[in-house]
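Quick notes on the structure that follows.
The values are calculated or read from the model by the stated rules, or taken from the named source; none is laboratory data. Quick caveat: nothing in here was measured; it's all calculated off a predicted structure. Here the Cβ is made from the backbone with ideal geometry for all residues, glycine too, and neighbour counts use every protein chain on show.
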Amino acid sequence: MKLNIDGLLVYFPYDYIYPEQYSYMLELKRTLDAKGHGVLEMPSGTGKTISLLSLIVAYQRTYPLEVTKLIYCSRTVPEIEKVIEELRKLMEFYTKETGEKNNFLALALSSRKNLCIHPEILHANIVVYSYHYLLDPKIADLVSKELAKKSVVVFDEAHNIDNVCIDSMSVNITRRTLDRCQTNVETLQNTIQRIKETDAAKLREEYRRLVEGLKEANVARETDIYLSNPVLPDEILQEAVPGSIRTAEHFVGFLKRFLEYLKARLRIHHVVQESSPQFLKDIYEKVCIDRKPLRFCAERLRSLLRTLEIADIADFSAVTLISNFATLVSTYSKGFTIIIEPFEDKTPTIVNPVLHFSCMDPSIAIKPVFERFQSVIITSGTLSPLDIYPRILDFRPVTMASFTMTLARTCLCPLIVGRGNDQVAMSSKFETREDFAVIRNYGNLLLEMSAIVPDGIVAFFTSYVYMENIVASWYEQGILENIQRNKLIFIETQDAAETSMALEKYQEACENGRGAILLSVARGKVSEGIDFVHHFGRAVIMFGVPYVYTQSRILKARLEYLRDQFQIRENDFLTFDAMRHAAQCVGRAIRGKTDYGLMIFADKRYARADKRGKLPRWIQEHITDGSLNLTIDETVQLSKHFLRQMAQPFRREDQLGLSLLTLEQLQSEEMLQKISQIAQQV
Amino acid sequence: MDDQGCPRCKTTKYRNPSLKLMVNVCGHTLCENCVEMLFVRGSGNCVQCDTPLRKSNFRLQLFEDPAIDKEVEIRKKVLKIYNKRDFDFPSLREYNDYLEQVEEIVYNLTNNVDVESTKQMMEHYQRENRDIIQRNKAKLTREQEELEELLLLEQQDSQQRRLETLQEEKRQLQAKRKSKQALLDELENSQLPASILLAQHKDRAAQLETQIEKQKQSVKPATIFSTGILKGQTVSLAPVAHIEEVLYKYQPLHIETFGPPVPGLEQLDRIGCRGDFSAVSRETLTPIIQEVITWYLNHVRTATPQDLAGGYTSGLACHRALQDAFSGLFPSLI
């Protein structure tokens, strides 16, 4: 259908539209008009992708000078494929409606197998690739340098974007890395020796270039330098490589010294936590290495590898990692911390020294994106509370809105179970984890649910260790046997192959027979990527509140930093993180308006206002006061009633006019009024 | 590093993990015991390369590769002499060339290439640039001290902030508890109906919430001292350069009027409508003449004692009026 959104003609490739899609497109258009950034939360399974694409493509066609490119960033390859599918449909619709062949070019960069050729990016109107190509400073300058300023960047499924930013700027160095680096450096030295004997001209040429301060032709671009080094002023970026690492031999000697220093640092017996300036001071005292040559380390190494014409760069990954670490530690003085541990917390007896160079401030990696592109949209199904993202990513959005689902029948039923039938409070709190009664109550809950819910149930635990403990206890108590009389049980492990096999068999079991239960973990592979549509997920049970491991030193350093810089309390942040994972897990079950599912939060802490308030709006509005702090019996009653209702036939015609609209219905006055209430500005 | 053996008594290193390895200027390692034994016999030559050594030159080995230890030692010595910094050079290119030169020297000394000539060059340089070396040394120690001070300040700051936030949170909790307790007490003792008390309590709770919210927002990380200097800015402790300027001399304004000059303040009671009698003494002026002549001053109201106390004299007003009148007479046409 052809829509009129605030004066803009938008081609929408389907005959029916959801009111929230229209509302979403309206907000999006306003954000683009304002040429600013936006944070939009829209529930999963409501056609977010096609709304985004159709509006932005229409905007591009109408104002080709305002928006020259659309950059769509997604997390995984399957998601990229889905986007391309929708885009194809949209393009076919355009050709059908306008009758002319459109000249839009869309490019997808997915993996090393599908490498693109750079010049094509210049002409493409739409580029689809993964977050890392834009956020990771090591890759950003290679891939994203030709992108113009007047582009719109969309980060889809961006609820974890702060973790992506942090990971892209963090480095972990183990003893093994250093040993491999040693071999790399020796290889470099031998190669240099050999080249000096055979073809010394190449090295001399490189030396001359470094002396003149000439940069490689494709390195000295303002755009990509900006992306890879966001906080350096331009004069420093244009500087020549310092004289102490000009010749190849001196540079190799420099690397050796740095390597030996790192090895010495790893030979400690207690934990050390330092900031970047302290680390640099120590380096200078021990091996007389200054800050400036460290900063140019990565660039110098790249130049050397190119001059020596080393074909297989992957062999040199260890020394590249070390040089990246050197550049990062010398460039940023704030926002990073160095933690050296002689062994991992979980295995105190195994000697495994590791140096964690972790970024505590996600805004460092994403700042260049916000400053360079005129409109950046961050969207996902679970972004609550919305105001935290602008604070931790340090940007000012012109729009922050949360959308609900308009439903003809209430297809989600969130319930908070806080007590067992014996009135013992259920919780995954650390103190009550070993409590026999709590484990038995959890088992009872699963048992009762397995008896009344048809087809598949997915259960999420807070950690692998916790899951294993509980399942072992259930086995001893005989609960597992009772559950297996109702449904088959599959379990997710840390091994990828086992998990995919378990998933496959789970799906097979749901297809025929009484269905199955899948036990998995809240931060695992299943919760991040797999959708449980229709009969694959009729109920999702969240056992406990999925807090991250709070004793990790890196986490503590990060919380401290957040408190000092952004005045975000530690408790607030931990709760926010836990609740976004919980919301992601329960959101797996609903993918579309004809789908229905139970969402059971099995922990008494969910009833508290500070946790409930951090759930996304589209879940919160269905939590009534009567569904807080239920016992298992009450839960079973409510679920039975809900499931029976949902099992009644529900056709598309029932939805028309309420949650599904045709073009005529869309344009009626009252509908437009209702639509304006869907979006809630924050 | 623990699998390295002492080149002399090889076995001892494995058996005795607490044994330390020492490195000397030739770059070869020896364990502590062997060092003792070597100097007991009085001979001071390295086992592997036979260079003459002194016992004091042995240092504890920090790095796995003894060559690196040797290089670091040499580098530290060289940098003590070659300690010019980037502001000593007119251009970046020259500074980089200087750095490269330093690297060459270290490289030569470490790999025993041209040792003699390099040492001579170093001594020559040292003699020539003695004062620059001294000055830079002083500057370096000062900068290091400043840096340490800053780091210490930062640490203290963050600790204080942490304490403050903890105390703040405690206070908020206490306030909440107090208000709840107050509600219960009121319900017990007061005569008002329960609904009014509840409404009051809700009001108070809401007020508390807004207070807390406001406090949260108003806390800003203190980055500036009250004088406007940024925290973390290195303030140079060198004395401010004394700038000598020309002293200002007051030149009174002179306006050319092409006419008779304005009478001065002191002469107002001597100059009158018939002429200037300032040169004549008072006694010679007969009373009759005095009557006929009206001094300028007579045209102005005499100052009362209160005016005089404030510093006002009638002469001021008269002078001003005369100046006004004269300035309009012969304007200079510029």
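Only a single item in (1) of a type outside the set (Phe, Trp, Tyr); (2) part of a helix (DSSP H, G or I); (3) modelled with pLDDT of 90 or more; (4) touching an Asp or Glu at 6+ places or on another chain (Cβ under 8 Å) is not met by A:ILE554, and it is number (4).
So is A:VAL154 more than 14 Å from chain B (Cβ to nearest Cβ), surrounded by 15 or more Cβ atoms within 10 Å (Cβ to Cβ) and modelled with pLDDT of 90 or more or not?
yes
In segment B:1-15, the qualifying residues are those that are surrounded by fewer than 12 Cβ atoms within 10 Å (Cβ to Cβ) and more than 14 Å from chain A (Cβ to nearest Cβ), and the one that is modelled with the lowest pLDDT is B:THR11. Checking B:LEU152, B:LEU166 one by one, the residue that is within 11 Å of chain A (Cβ to nearest Cβ), within 30 Å of A:GLN565 (Cα to Cα), assigned to a helix (DSSP H, G or I) and of a type outside the set (Phe, Trp, Tyr) is B:LEU166 and no other.
Given the structure, is A:LYS292 in contact (Cβ under 8 Å) with a residue 40 or more places away in the chain, within 24 Å of B:GLN101 (Cβ to Cβ) and at the interface with chain B (Cβ under 10 Å from one of its Cβ atoms)? Here the answer is yes, as A:LYS292 does meet what is asked.
When A:SER303 is tested against the conditions (1) more than 10 Å from chain B (Cβ to nearest Cβ); (2) among the polar types (S, T, N, Q); (3) over 18 Å from B:GLU103 (Cβ atoms); (4) in a helix (DSSP H, G or I), the lone failure is (3). The set of residues in segment A:624-660 being over 24 Å from A:GLY443 (Cα atoms) and in contact with a helix residue (DSSP H, G or I) (Cβ under 9 Å, 6 or more places away or on another chain) consists of A:LEU656, A:GLY657, A:LEU658, A:SER659, A:LEU660. Where helices (runs of 4 or more DSSP H) sit wholly within segment B:49-135, those with at least 3 residues that are over 30 Å from A:LEU262 (Cβ atoms) occupy B:115-128.
Across segment A:299-306, a minimum of one residue is classified as surrounded by 20 or more Cβ atoms within 10 Å (Cβ to Cβ) and polar (S, T, N, Q). All conditions but one from (1) assigned to a helix (DSSP H, G or I); (2) more than 18 Å from A:MET542 (Cα to Cα); (3) not charged (D, E, K, R) apply to A:GLN494; the one that does not is (1). The set of residues from segment B:97-112 being within 16 Å of A:ALA248 (Cβ to Cβ) and of a type in the set (S, T, N, Q) comprises just one member, B:ASN111. Return a yes/no flag: does segment A:337-350 have any residue that is surrounded by fewer than 20 Cβ atoms within 10 Å (Cβ to Cβ), at pLDDT below 85, touching a Phe, Trp or Tyr at 6+ places or on another chain (Cβ under 8 Å) and under 30 Å from A:VAL465 (Cα atoms). Yes, segment A:337-350 contains at least one residue that is surrounded by fewer than 20 Cβ atoms within 10 Å (Cβ to Cβ), at pLDDT below 85, touching a Phe, Trp or Tyr at 6+ places or on another chain (Cβ under 8 Å) and under 30 Å from A:VAL465 (Cα atoms). Here A:ARG514 meets the list (1) out of contact with any Pro (no Cβ under 9 Å at 6 or more places or on another chain); (2) within 25 Å of A:ALA647 (Cα to Cα) almost entirely, failing just condition (1). Checking the structure you have, find out if any residue of segment A:517-538 is closer than 30 Å to A:ALA425 by Cα, within 14 Å of chain B (Cβ to nearest Cβ) and in a helix (DSSP H, G or I). So far as segment A:517-538 goes, no, none of its residues is closer than 30 Å to A:ALA425 by Cα, within 14 Å of chain B (Cβ to nearest Cβ) and in a helix (DSSP H, G or I). Being farther than 30 Å from B:PHE326 by Cα, at pLDDT 70 or above and charged (D, E, K, R), is that true of even one residue in segment B:230-237? No; the residues of segment B:230-237 include none that is farther than 30 Å from B:PHE326 by Cα, at pLDDT 70 or above and charged (D, E, K, R). Consider segment A:237-289 and keep the residues that are at the interface with chain B (Cβ under 9 Å from one of its Cβ atoms), in a helix (DSSP H, G or I) and basic (Lys, Arg). The one that is nearest to the chain's Cα centre (by Cα) is A:LYS263.
Filtered by the rule that a residue be within 11 Å of chain A (Cβ to nearest Cβ) and in contact with a Ser or Thr (Cβ under 7 Å, 6 or more places away or on another chain), segment B:70-84 gives B:GLU71, B:ILE74.
Failed condition for B:LYS55, given (1) within 30 Å of B:LEU140 (Cβ to Cβ); (2) exposed (fewer than 14 other Cβ atoms within 10 Å of the Cβ), with all others met? Single failed check for B:LYS55: (1). Going by the conditions given, is A:GLU27 assigned to a helix (DSSP H, G or I), in contact with a helix residue (DSSP H, G or I) (Cβ under 7 Å, 6 or more places away or on another chain) and on the phi < 0 side of the Ramachandran plot? Considered against the rule, which asks whether it is assigned to a helix (DSSP H, G or I), in contact with a helix residue (DSSP H, G or I) (Cβ under 7 Å, 6 or more places away or on another chain) and on the phi < 0 side of the Ramachandran plot, A:GLU27 comes out as no.
One line per residue, one yes/no per condition, for (1) more than 30 Å from B:GLY27 (Cβ to Cβ); (2) of a type outside the set (D, E, K, R):
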{"position": "B:ASP97", "(1), (2)": "no, no"}
{"position": "B:VAL102", "(1), (2)": "no, yes"}
{"position": "B:LYS139", "(1), (2)": "yes, no"}
{"position": "B:ARG142", "(1), (2)": "yes, no"}
{"position": "B:GLU154", "(1), (2)": "yes, no"}
{"position": "B:GLU164", "(1), (2)": "yes, no"}
{"position": "B:GLN174", "(1), (2)": "yes, yes"}
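The residues of segment A:622-637 that are closer than 22 Å to A:MET405 by Cα and surrounded by 15 or more Cβ atoms within 10 Å (Cβ to Cβ), listed by number, are A:HIS622, A:ILE623, A:SER627, A:LEU628.
Contact map, segment A:639-662: residues that are over 17 Å from A:ILE452 (Cβ atoms) paired with residues that are of a type in the set (Lys, Arg), Cβ distance under 8 Å, separation 6+ or inter-chain. Pairs shown: A:PHE650/A:ARG409; A:ASP654/A:ARG409; A:GLN655/A:LYS593; A:SER659/A:LYS593; A:LEU660/A:LYS593; A:LEU660/A:ARG652.
Look at segment A:546-561: where a residue is touching a residue at least 60 places away in the same chain (Cβ under 8 Å) and within 14 Å of chain B (Cβ to nearest Cβ) and a partner is among the small types (Gly, Ala, Ser) and assigned to a loop (DSSP other than H, G, I, E, B), sitting 6+ places away or on another chain with Cβ atoms under 9 Å, you get A:TYR561/A:GLY335. A:LEU447 fulfils the conditions (1) in a strand (DSSP E or B); (2) more than 26 Å from A:GLY592 (Cα to Cα) except for a single criterion, (1).
Condition (residue is hydrophobic (A, V, I, L, M, F, W, C), within 14 Å of chain A (Cβ to nearest Cβ) and within 20 Å of A:PRO242 (Cβ to Cβ)) applied to segment B:123-140: is it met by at least one residue? Within segment B:123-140 (the criterion being hydrophobic (A, V, I, L, M, F, W, C), within 14 Å of chain A (Cβ to nearest Cβ) and within 20 Å of A:PRO242 (Cβ to Cβ)), the answer is yes, since at least one residue qualifies. Applying the condition of being away from chain A (no Cβ under 14 Å) and of a type in the set (D, E, K, R) to segment B:23-69 and asking which residue is farthest from A:ARG267 (Cα to Cα) yields B:ARG41.
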